[in-house]
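What follows is a single structure, written as structure tokens, with notes after it.
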Amino acid sequence: MEVYLDNAATTRIFPEVRERMVQVMEEDYGNPSSKHTKGMEAENYIREAKEQIRKQLKCEAKELIFTSGGTESNNQALIGAAMANKRAGKHMITTRIEHASVHEPLAFLEEQGYEVTYLPVNAQGKVEPEVLARAMREDTVLVSIMYVNNEIGSVQDIGQLSAVVHETNPRTLFHVDAIQAFGKYQIVPKRLGIDLMSVSGHKIHGPKGSGFLYVRNGTKLRPILFGGGQQQGMRSGTENVPAIAGLGEAVQLIYTDHAAKVERLYARKQQLIQGLQSLEGVRVQGIAGMELRETAPHIVSASFAGIRSEVMLHALAERGVFVSSGSACSSNHPELSGTLQAIGVEDALLDATLRFSLSVTSTAEEVDYAIRQVAELLPVLRRFVRH
């Protein structure tokens with residue numbers, strides 16, 4: 001049996017998304033900047049995808065910029081906003097548990113003379129509003145806080161945090177990395193006070209290499225890609241029409257019967273947590289003192305005392321269960337998880353933690369199988385622990 005529980009890294013594409021993309025690649029393959037019929041056909045796919053996303057976000061079509069995915073969206077938001085608003089200040093705020101695609105652009109900006117404040121989080125991985133309020137300054141140009149953490153599934157109170165930002169300094173922009181949240185929550189940026197929001201297609205059963213950045217109307221932003229002036233000059237380069245069409249289709253599909261999808265995710269998450277917690281020496285991270293629905297519906301972080309995460313990961317893979325040892329992108333940065341350290345996980349468990357992540361297609365049988373494999377492997381692997 002094959003059980004894929006690494007959906008926070010990437011999801012399997014919906015069949016309808018694949019069909020839409022094949023149609024674009026084989027039949028409607030024109031350049032959307034071309035003035036002939038083939039070009040107009042391609043442009044119509046872009047327009048349709050914008051409409052599908054716009055309806056979901058309750059925003060204007062011109063507030064959407066298509067990108068190559070979450071990393072580009074985060075880079076465009078952070079670097080573009082910093083460069084466009086540097087006269088207002090060069091101070092930025094983020095948290096210690098952000099994805100590398102936020103931390104790395106901010107590290108680049110620090111090299112350019114910007115100052116970045118990194119907020120701590122509590123044991124549940126949440127930013128406390130008063131901590132954010134104390135960090136705000138007159139020269140704070142942007143605050144970037146992720147909606148859902150990609151390793152432990154902690155969920156920030158985005159509306160409350162954005163209120164702190166805008167009430168303290170109305171000129172400060174509020175950016176949200178919603179890459180793990182979009183598709184799991186109904187998100188209306190204007191209601192939540194979000195100025196910039198990053199989304200990736202391959203987390204919602206869309207294609208890799210697709211994503212978008214929501215930019216609230218009136219937000220000052222400089223492009224980071226220059227060329228032919230596509231997308232109102234904000235993102236030059238011929239649009240990836242198959243990926244954009246697939247992204248729009250994925251957005252529409254993931255939000256169809258959305259409440260039922262989320263209910264199924266939480267049922268599978270509860271099943272997984274209960275099964276893991278019943279095993280000796282297993283601890284689920286980031287949920288202490290919280291109700292299940294205070295955490296994201298699809299991510300479970302579990303530590304296995306006495307077993308290195310990489311050993312358990314490969315042992316499970318041999319039995320057809322695919323999980324990860326943290327963020328997929330962190331495999332390029334093999335140091336211990338900053339998120340686990342930030343929530344106070346003891347040193348002995350930092351390299352003994354795996355992430356299980358569900359999708360709307362995950363079944364009860366798959367979760368049961370995964371729990372059984374973990375239960376069988378634990379005593380076997382612990383016999384080989386060096387003392």
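Out of A107, A133, A100, report the one residue that is open to solvent by 10 Å² or more (accessible area, probe 1.4 Å) and more than 29 Å from A9 (Cβ to Cβ).
Answer to the selection: A133.
Conditions first: (1) open to solvent by 30 Å² or more (accessible area, probe 1.4 Å); (2) closer than 24 Å to R18 by Cβ; (3) outside any loop (DSSP other than H, G, I, E, B); (4) touching a Pro at 6+ places or on another chain (Cβ under 9 Å). T238 passes all but one, so which condition is the exception?
The failed condition is (3).
Is there any pair with a first residue in the range 66-93 that is farther than 26 Å from T10 by Cα and open to solvent by 30 Å² or more (accessible area, probe 1.4 Å) and a second that is outside any helix (DSSP H, G or I) and modelled with pLDDT of 95 or more whose Cβ atoms are under 6 Å apart and which are 6 or more apart or on different chains, and what are they?
Short answer, once both residue conditions are applied: M83/R222; A88/V141; A88/R171; K90/Y114.
Starting from residues that are open to solvent by 40 Å² or more (accessible area, probe 1.4 Å) and touching a residue at least 12 places away in the same chain (Cβ under 8 Å), keep the ones in the range 306-317 and report whichever is nearest to L377 (Cα to Cα).
Only one residue fits best here, namely V311.
Quickly run through the range 241-259 and pick out the residues that are among the hydrophobic types (A, V, I, L, M, F, W, C) and either farther than 23 Å from V24 by Cα or surrounded by fewer than 18 Cβ atoms within 10 Å (Cβ to Cβ) (or both).
Within the range 241-259, A259 is the sole residue that qualifies.
Give me a count of the residues in the range 260-305 that are loosely packed, with under 15 Cβ neighbours inside 10 Å and of a type in the set (G, A, S).
5
Of (1) out of contact with any strand residue (DSSP E or B) (no Cβ under 7 Å at 6 or more places or on another chain); (2) in contact (Cβ under 8 Å) with a residue 60 or more places away in the chain, E43 satisfies all except one. Which?
(2) is the only condition that E43 fails.
Looking at (1) closer than 24 Å to G338 by Cβ; (2) of a type outside the set (S, T, Y); (3) in contact with a helix residue (DSSP H, G or I) (Cβ under 7 Å, 6 or more places away or on another chain), which is the one condition that is false for L272?
(1)
Restricting to the range 328-364, name every residue that is closer than 17 Å to F304 by Cα, modelled with pLDDT under 95 and of a type in the set (D, E, K, R).
Matches in the range 328-364: E346, D347, D351.
Take the range 201-222 and flag every residue that is in contact with a strand residue (DSSP E or B) (Cβ under 9 Å, 6 or more places away or on another chain), assigned to a loop (DSSP other than H, G, I, E, B) and open to solvent by less than 30 Å² (accessible area, probe 1.4 Å). Break it down into steps so the answer makes sense when it comes.
Let us first name the residues in the range 201-222 that are in contact with a strand residue (DSSP E or B) (Cβ under 9 Å, 6 or more places away or on another chain), namely 201-204, 206, 208, 210-216, 219-221.
So of that shortlist, the ones also assigned to a loop (DSSP other than H, G, I, E, B) come out as 204, 206, 208, 210, 216, 219-221.
Correct list: I204, G206, S210, T219, L221.
The values are calculated or read from the model by the stated rules, or taken from the named source; none is laboratory data. All of these numbers come straight from a predicted model, not from anything done at the bench. Virtual Cβ from ideal backbone geometry, glycine too; neighbours counted across all protein chains shown. These accessible areas exclude ligands, DNA and RNA; they are computed on the full protein's heavy atoms, side chains included. Shrake-Rupley method; radii C 1.70, N 1.55, O 1.52, S 1.80 Å.
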